[in-house]
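*Asks:* My questions all concern the structure below.
The values are calculated or read from the model by the stated rules, or taken from the named source; none is laboratory data. Computed from a prediction, not measured in an experiment: that's the story for all the values here. We place every Cβ from the backbone using ideal geometry, glycine too, and count neighbours over all the protein chains shown. Just the protein is used for accessible areas: all its heavy atoms, side chains included, with ligands, DNA and RNA removed. Shrake-Rupley method; radii C 1.70, N 1.55, O 1.52, S 1.80 Å.
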Amino acid sequence: MAAAAAAAAVAAAAVAAAERTFKVYRRRQLLLTGACLPLPLILSGRARAQTEANDADYGFCRDMSIHHFQALAMCQRILGRDTGDLVQAAAAEVLQNQAIEIGHMHAWLADWGQSTVPPTLVMGWMGANGGAGIPLSDMPGYASADELTELSLLTGRERGKRWLELMRAHHVGGVTMASRAQDLVSSDKVRGLASRQVATQTYEIAQYDLLLEGPYASI
(Lines give C-alpha, C1' and ligand atoms only; values in the text may rest on other atoms or scores of the structure.)
Protein backbone atom coordinates (compact mmCIF):
# COMPACT_ATOMS: atom_id res chain seq x y z
CA MET A 1 0.00 0.00 0.00
CA ALA A 2 2.83 2.39 0.87
CA ALA A 3 4.53 1.74 -2.47
CA ALA A 4 1.28 2.29 -4.36
CA ALA A 5 0.71 5.55 -2.48
CA ALA A 6 4.24 6.67 -3.32
CA ALA A 7 3.68 5.82 -6.99
CA ALA A 8 0.45 7.81 -7.02
CA ALA A 9 2.33 10.75 -5.52
CA VAL A 10 5.02 10.52 -8.21
CA ALA A 11 2.38 10.39 -10.95
CA ALA A 12 0.48 13.32 -9.47
CA ALA A 13 3.69 15.33 -9.21
CA ALA A 14 4.54 14.66 -12.86
CA VAL A 15 1.11 15.75 -14.06
CA ALA A 16 1.32 18.81 -11.82
CA ALA A 17 4.70 19.61 -13.36
CA ALA A 18 3.12 19.55 -16.82
CA GLU A 19 0.36 21.87 -15.66
CA ARG A 20 2.88 24.25 -14.08
CA THR A 21 4.92 24.30 -17.29
CA PHE A 22 1.79 25.27 -19.22
CA LYS A 23 0.75 27.97 -16.72
CA VAL A 24 4.21 29.49 -16.39
CA TYR A 25 4.63 29.64 -20.15
CA ARG A 26 1.22 31.29 -20.60
CA ARG A 27 1.87 33.75 -17.77
CA ARG A 28 5.19 34.77 -19.31
CA GLN A 29 3.54 35.18 -22.69
CA LEU A 30 0.85 37.40 -21.21
CA LEU A 31 3.42 39.52 -19.40
CA LEU A 32 5.58 39.87 -22.49
CA THR A 33 2.75 40.61 -24.91
CA GLY A 34 0.12 42.25 -22.78
CA ALA A 35 1.59 44.17 -19.88
CA CYS A 36 3.06 47.21 -21.61
CA LEU A 37 2.24 46.89 -25.30
CA PRO A 38 -0.60 48.58 -27.20
CA LEU A 39 -3.27 46.37 -28.74
CA PRO A 40 -1.96 46.54 -32.35
CA LEU A 41 1.42 45.23 -31.22
CA ILE A 42 -0.21 42.50 -29.14
CA LEU A 43 -2.23 41.38 -32.14
CA SER A 44 0.86 41.57 -34.34
CA GLY A 45 2.79 39.37 -31.92
CA ARG A 46 0.02 36.80 -31.88
CA ALA A 47 -0.11 36.82 -35.67
CA ARG A 48 3.62 36.13 -35.84
CA ALA A 49 3.22 33.27 -33.36
CA GLN A 50 0.55 31.76 -35.58
CA THR A 51 2.51 32.19 -38.81
CA GLU A 52 5.68 30.66 -37.35
CA ALA A 53 3.84 27.31 -37.23
CA ASN A 54 2.03 25.25 -39.84
CA ASP A 55 -0.44 22.37 -39.87
CA ALA A 56 2.37 19.91 -39.20
CA ASP A 57 3.32 21.79 -36.03
CA TYR A 58 -0.28 21.74 -34.82
CA GLY A 59 -0.87 18.12 -35.75
CA PHE A 60 2.37 16.87 -34.30
CA CYS A 61 1.83 18.63 -30.96
CA ARG A 62 -1.73 17.33 -30.66
CA ASP A 63 -0.85 13.78 -31.70
CA MET A 64 2.31 13.52 -29.64
CA SER A 65 0.46 14.88 -26.62
CA ILE A 66 -2.17 12.13 -26.72
CA HIS A 67 0.57 9.59 -27.41
CA HIS A 68 2.41 10.87 -24.32
CA PHE A 69 -0.75 10.73 -22.21
CA GLN A 70 -0.99 7.01 -22.84
CA ALA A 71 2.67 6.61 -21.86
CA LEU A 72 1.86 8.30 -18.54
CA ALA A 73 -1.05 5.92 -18.01
CA MET A 74 1.21 2.95 -18.67
CA CYS A 75 3.76 4.24 -16.17
CA GLN A 76 1.08 4.77 -13.54
CA ARG A 77 0.09 1.11 -13.89
CA ILE A 78 3.50 -0.10 -12.71
CA LEU A 79 5.06 2.54 -10.48
CA GLY A 80 5.18 1.35 -6.89
CA ARG A 81 4.81 -2.29 -7.93
CA ASP A 82 7.32 -5.09 -7.52
CA THR A 83 8.51 -5.01 -11.13
CA GLY A 84 12.21 -4.62 -10.38
CA ASP A 85 14.19 -1.47 -9.66
CA LEU A 86 15.40 -0.96 -13.24
CA VAL A 87 11.87 -0.93 -14.64
CA GLN A 88 10.74 1.38 -11.83
CA ALA A 89 13.52 3.82 -12.70
CA ALA A 90 12.71 3.64 -16.40
CA ALA A 91 9.01 4.31 -15.80
CA ALA A 92 9.71 7.23 -13.48
CA GLU A 93 11.97 8.78 -16.14
CA VAL A 94 9.32 8.45 -18.86
CA LEU A 95 6.62 9.84 -16.57
CA GLN A 96 8.61 12.93 -15.66
CA ASN A 97 9.96 13.74 -19.12
CA GLN A 98 6.77 13.20 -21.06
CA ALA A 99 4.56 15.04 -18.57
CA ILE A 100 6.76 18.11 -18.97
CA GLU A 101 6.73 17.78 -22.77
CA ILE A 102 2.92 17.67 -22.74
CA GLY A 103 2.99 20.97 -20.86
CA HIS A 104 5.19 22.54 -23.54
CA MET A 105 3.13 21.24 -26.46
CA HIS A 106 -0.19 22.33 -24.94
CA ALA A 107 1.25 25.77 -24.18
CA TRP A 108 2.38 26.17 -27.79
CA LEU A 109 -0.99 25.04 -29.13
CA ALA A 110 -2.73 27.58 -26.91
CA ASP A 111 -0.31 30.28 -28.06
CA TRP A 112 -1.17 29.45 -31.67
CA GLY A 113 -4.90 29.55 -30.93
CA GLN A 114 -5.21 25.82 -31.57
CA SER A 115 -7.30 23.26 -29.71
CA THR A 116 -5.75 20.92 -27.16
CA VAL A 117 -8.73 18.56 -27.28
CA PRO A 118 -7.48 14.98 -27.87
CA PRO A 119 -7.90 14.07 -31.54
CA THR A 120 -9.88 11.08 -32.82
CA LEU A 121 -8.09 11.05 -36.17
CA VAL A 122 -4.32 11.34 -36.10
CA MET A 123 -1.25 11.63 -38.32
CA GLY A 124 -3.03 13.37 -41.19
CA TRP A 125 -0.37 16.09 -40.92
CA MET A 126 2.26 13.53 -41.97
CA GLY A 127 0.21 12.16 -44.87
CA ALA A 128 -1.47 9.16 -43.24
CA ASN A 129 -4.45 7.92 -45.25
CA GLY A 130 -3.86 10.50 -47.95
CA GLY A 131 -3.81 13.28 -45.37
CA ALA A 132 -7.20 12.36 -43.92
CA GLY A 133 -5.64 10.72 -40.87
CA ILE A 134 -6.23 7.38 -39.20
CA PRO A 135 -8.12 6.41 -36.03
CA LEU A 136 -6.25 6.98 -32.79
CA SER A 137 -6.40 3.24 -32.07
CA ASP A 138 -4.33 2.63 -35.22
CA MET A 139 -1.53 5.01 -34.24
CA PRO A 140 1.79 3.09 -34.35
CA GLY A 141 2.79 1.93 -30.90
CA TYR A 142 -0.51 2.96 -29.30
CA ALA A 143 -1.46 0.18 -26.90
CA SER A 144 -4.92 -1.35 -27.16
CA ALA A 145 -7.39 -1.47 -24.28
CA ASP A 146 -6.78 -5.21 -24.01
CA GLU A 147 -3.02 -4.68 -23.74
CA LEU A 148 -3.47 -2.10 -20.99
CA THR A 149 -5.81 -4.42 -19.12
CA GLU A 150 -3.28 -7.22 -19.45
CA LEU A 151 -0.56 -4.95 -18.06
CA SER A 152 -2.74 -4.09 -15.08
CA LEU A 153 -3.52 -7.74 -14.28
CA LEU A 154 0.02 -9.06 -14.39
CA THR A 155 2.11 -9.06 -11.24
CA GLY A 156 5.76 -8.74 -10.22
CA ARG A 157 8.49 -8.94 -12.82
CA GLU A 158 6.04 -10.28 -15.41
CA ARG A 159 4.32 -6.90 -15.26
CA GLY A 160 7.72 -5.23 -15.57
CA LYS A 161 8.58 -7.25 -18.66
CA ARG A 162 5.23 -6.49 -20.29
CA TRP A 163 5.72 -2.80 -19.60
CA LEU A 164 9.10 -2.91 -21.31
CA GLU A 165 7.56 -4.58 -24.36
CA LEU A 166 4.65 -2.16 -24.59
CA MET A 167 6.73 0.95 -23.92
CA ARG A 168 9.31 -0.18 -26.46
CA ALA A 169 6.60 -0.42 -29.13
CA HIS A 170 5.19 2.89 -27.94
CA HIS A 171 8.59 4.57 -28.31
CA VAL A 172 9.09 3.12 -31.79
CA GLY A 173 5.81 4.76 -32.82
CA GLY A 174 6.86 7.99 -31.16
CA VAL A 175 10.22 8.03 -32.95
CA THR A 176 8.42 7.50 -36.26
CA MET A 177 6.25 10.56 -35.68
CA ALA A 178 9.02 12.74 -34.31
CA SER A 179 11.36 11.84 -37.17
CA ARG A 180 8.72 12.86 -39.71
CA ALA A 181 8.01 16.05 -37.80
CA GLN A 182 11.64 17.14 -38.14
CA ASP A 183 11.09 17.31 -41.90
CA LEU A 184 7.59 18.85 -41.94
CA VAL A 185 7.24 21.41 -39.16
CA SER A 186 8.19 25.06 -39.60
CA SER A 187 8.65 26.07 -35.95
CA ASP A 188 12.20 25.81 -34.66
CA LYS A 189 11.03 25.01 -31.13
CA VAL A 190 8.85 22.14 -32.33
CA ARG A 191 11.64 20.80 -34.53
CA GLY A 192 13.99 20.98 -31.57
CA LEU A 193 11.54 19.08 -29.37
CA ALA A 194 11.05 16.43 -32.04
CA SER A 195 14.82 16.04 -32.39
CA ARG A 196 15.22 15.58 -28.64
CA GLN A 197 12.40 13.05 -28.59
CA VAL A 198 14.05 11.00 -31.33
CA ALA A 199 17.35 10.98 -29.45
CA THR A 200 15.86 10.25 -26.02
CA GLN A 201 13.41 7.56 -27.10
CA THR A 202 15.95 5.85 -29.36
CA TYR A 203 18.31 5.64 -26.39
CA GLU A 204 15.53 4.31 -24.15
CA ILE A 205 14.58 1.67 -26.72
CA ALA A 206 18.16 0.42 -26.60
CA GLN A 207 18.00 0.28 -22.80
CA TYR A 208 14.73 -1.66 -22.89
CA ASP A 209 16.31 -4.12 -25.32
CA LEU A 210 19.18 -4.71 -22.90
CA LEU A 211 16.71 -5.44 -20.09
CA LEU A 212 14.57 -7.70 -22.26
CA GLU A 213 17.64 -9.62 -23.42
CA GLY A 214 19.16 -9.70 -19.95
CA PRO A 215 17.42 -9.77 -16.55
CA TYR A 216 13.91 -10.08 -18.02
CA ALA A 217 14.71 -12.60 -20.74
CA SER A 218 13.72 -15.71 -18.81
CA ILE A 219 10.44 -14.37 -17.42
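*Asks:* Roughly how many Å² of Y58 are accessible to a 1.4 Å probe, to the nearest 10?
*Replies:* Here the residue's solvent-accessible area equals roughly 30 Å².
*Asks:* Which value in nm describes the separation of the simple spin-label points at A217 and A73, placed 7 Å from the Cα toward the beta carbon?
*Replies:* Label at A217, label at A73, 3.4 nm between them.
*Asks:* Going 7 Å from the Cα of S179 in the Cα-to-Cβ direction, what parts of segment 93-129 have a backbone nitrogen less than 19 Å from that spot?
*Replies:* Label zone hits: 123-129.
*Asks:* Run the numbers on segment 137-219 and let me know its relative contact order in percent, using alpha-carbon pairs under 8 Å that are six or more apart. Intermediate results must be reported in sequence, preceding the final value.
*Replies:* Numbers: 65 pairs, mean separation 27.0, N = 83.
It rounds to 33 percent for segment 137-219.
*Asks:* Another one. On a 1.4 Å probe surface of the protein chains, which of E158, E52, E213 comes out largest in accessible area, and what is the full order?
*Replies:* Numbers: E158 100, E52 70, E213 140 Å².
Descending accessible area places them as E213, E158, E52.
*Asks:* While we're on this one: Which net charge results when you count Lys and Arg as +1 and Asp and Glu as -1 among the other residues whose beta-carbon is under 10 Å from that of A91?
*Replies:* Details: positive: R77, R81; negative: E93.
Combined, the nearby Lys, Arg, Asp and Glu give +1.
*Asks:* Working out 0.36 nm times the residue gap between S115 and S144, then minus their Cα-Cα distance, what length gain in nm do you get to one decimal?
*Replies:* Working: separation 29, 0.36 × 29 = 10.44 nm, distance 2.49 nm.
Net length gain for the segment: 8.0 nm.
*Asks:* Right, here's the next one. For segment 83-138, what does the alpha-carbon gyration tensor say about shape, rounded, prolate or oblate, given a ≥ b ≥ c as the root eigenvalues, a/c under 1.5 as rounded, and a/b over b/c as prolate?
*Replies:* Values: a/c = 3.55, a/b = 1.58, b/c = 2.25.
It is oblate, given that a/c is not under 1.5 and a/b is not larger than b/c.
*Asks:* What nm value, rounded to one decimal, do you get for the distance between K189 and D55 when each label is placed 7 Å out toward the C-beta?
*Replies:* Output for this residue pair reads 2.4 nm.
*Asks:* What nm distance separates the two modelled labels at S137 and A89, each placed 7 Å from Cα along Cα→Cβ?
*Replies:* 3.8
*Asks:* How much accessible surface area, in Å² rounded to 10, belongs to the heavy atoms of T83 with a 1.4 Å probe?
*Replies:* Looks like 0 Å² after rounding.
*Asks:* Which whole-angstrom value gives the distance between the alpha carbon centres of segment 149-218 and segment 91-140?
*Replies:* Result: 16 Å between the Cα centres.
*Asks:* Where does each of K189, K161 land when they are ordered by accessible area, with a 1.4 Å probe and the largest first? Write out the running numbers ahead of the final one.
*Replies:* Numbers: K189 60, K161 40 Å².
Descending accessible area places them as K189, K161.
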